[in-house]
Amino acid sequence: MSVNSFGRMLRFSTWGESHGPAIGAVVDGCPPGILLSEADVQPWLDKRRPGTSRFTTQRQEPDQVRILSGVFEGRTTGTPISLMIDNVDQRSKDYSEVAKAYRPGHADYAYDAKYGHRDWRGGGRSSARETASRVAAGAVARLVVPEVSIVAYLVEMGGDRIDRGAFDAGQVSANPFFCPDAGAAARWEVSLDAARKAGSSLGAVIECVATGVPAGWGAPIYAKLDAELAAACMSMNAVKGVEIGDGFDASRLRGEENADAMRSGADGPQFLANHSGGIAGGISTGQPVVVRVAFKPTSSILTPVETIDRMGAETEIVTKGRHDPCVAIRGAPVVEAMMALVLADQKLLHRGQCGGNRG
């Protein structure tokens, strides 16, 4: 069977295809009594919306969300919340070549190998268009964890990293790259313009930080907070790697360097470092939860690439249409949404097992 749902206590399912009439999500398990309207969801969709700069796809989708169920008199009822977003700017004719041959790096061949039949219009379910549904569901999840603040930003594009010494949180919303380093954003503008004009694309790395997560969320073995976050992020289109905390860099440290030393603080432990990314043994420590996500370059490019057609004949393919030259730019709001969905799920799991008591 195809698995289109994620989560345990707070579970969401996405539906729809890139060039179908609509896409959406159903969020189940949301506690009742939470204030919720389209106005709580729309700002997050607007952050991800296409066509907002020359560095994203020029497909013009307003991404206006409608809440079809699960809310009465402005509050959640505890029943499934259905969210729908109409598709209004499809150009399926741009994908006529994709119907015949496979885009290397894309899911075309893999879908044919699995199902024997695929929706080639814009990639169907394999399109990044599906992530709008996740952002809508994530907006609901944010209301379940109001104590947590979540922000994602790009820290690397095309191999060019930000200068951590120039980190300015105010810059994240001040440029089209969600970049906290104004100097790096200026360099990326040049390099991405060059890639776009050459008919190519660039990969990037997103960092997401959640502050305000209390100690105790997660589980020791099969519902580890870091494992759930990794699974959530790896389920996103074009993601090929996830790091928690120092990630792979931790393997290059000595034990005393990697240890998050503790001292006694007024409100509990005071950590002197956060190499673990706010998670130890699969359970949150109360420190900021830090995740980094690596996105590959967009597979749909104008540069000719060797491939085969559905009959196995060798050919070349050029992907026409409107595509993101760096899919990670609009991926930042999606990573935030997945962080919110995982944390909301873990909060409800923790409450279900431990209530308001520990020990």
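The values are calculated or read from the model by the stated rules, or taken from the named source; none is laboratory data. The structure displayed is predicted, hence computed values, not measured ones. Cβ coordinates were reconstructed from backbone atoms using ideal geometry, including for glycine residues, and neighbour counts include every protein chain displayed. Remember, those area values only see protein heavy atoms, side chains included, never the ligands or the DNA or RNA. Shrake-Rupley method; radii C 1.70, N 1.55, O 1.52, S 1.80 Å.
Here Arg187 meets each of (1) in contact (Cβ under 8 Å) with a residue 24 or more places away in the chain; (2) open to solvent by 70 Å² or more (accessible area, probe 1.4 Å); (3) closer than 30 Å to Lys347 by Cβ with one exception, condition (3). Restricting the range 301-359 to residues that are of a type in the set (S, T, N, Q) and in contact (Cβ under 8 Å) with a residue 40 or more places away in the chain, the residue that is surrounded by the most Cβ atoms within 10 Å (Cβ to Cβ) is Gln346. If you go through the range 1-47 and pick out every residue that is in a strand (DSSP E or B) and among the basic types (Lys, Arg), you end up with 1. Here Ser149, Ser173 are screened, and the one residue that is modelled with pLDDT under 95 and open to solvent by 10 Å² or more (accessible area, probe 1.4 Å) is Ser173. Every test in (1) touching a Lys or Arg at 6+ places or on another chain (Cβ under 7 Å); (2) open to solvent by 20 Å² or more (accessible area, probe 1.4 Å) is passed by Glu207 save one, and that test is (2). Checked against (1) out of contact with any Leu (no Cβ under 6 Å at 6 or more places or on another chain); (2) closer than 30 Å to Arg330 by Cα; (3) not in a loop (DSSP other than H, G, I, E, B), Thr315 passes all but a single condition, namely (2).
Only one of the numbered conditions (1) closer than 18 Å to Gly331 by Cα; (2) open to solvent by less than 30 Å² (accessible area, probe 1.4 Å); (3) not in a loop (DSSP other than H, G, I, E, B) is not met by Pro180, and that is (3).
How many residues are in a loop (DSSP other than H, G, I, E, B) and of a type in the set (Ser, Thr, Tyr) when one looks only at the range 302-312?
First, pick out the residues of the range 302-312 that are in a loop (DSSP other than H, G, I, E, B): 302-304, 310-312.
Subset that is of a type in the set (Ser, Thr, Tyr): 303.
Number of matching residues: 1.
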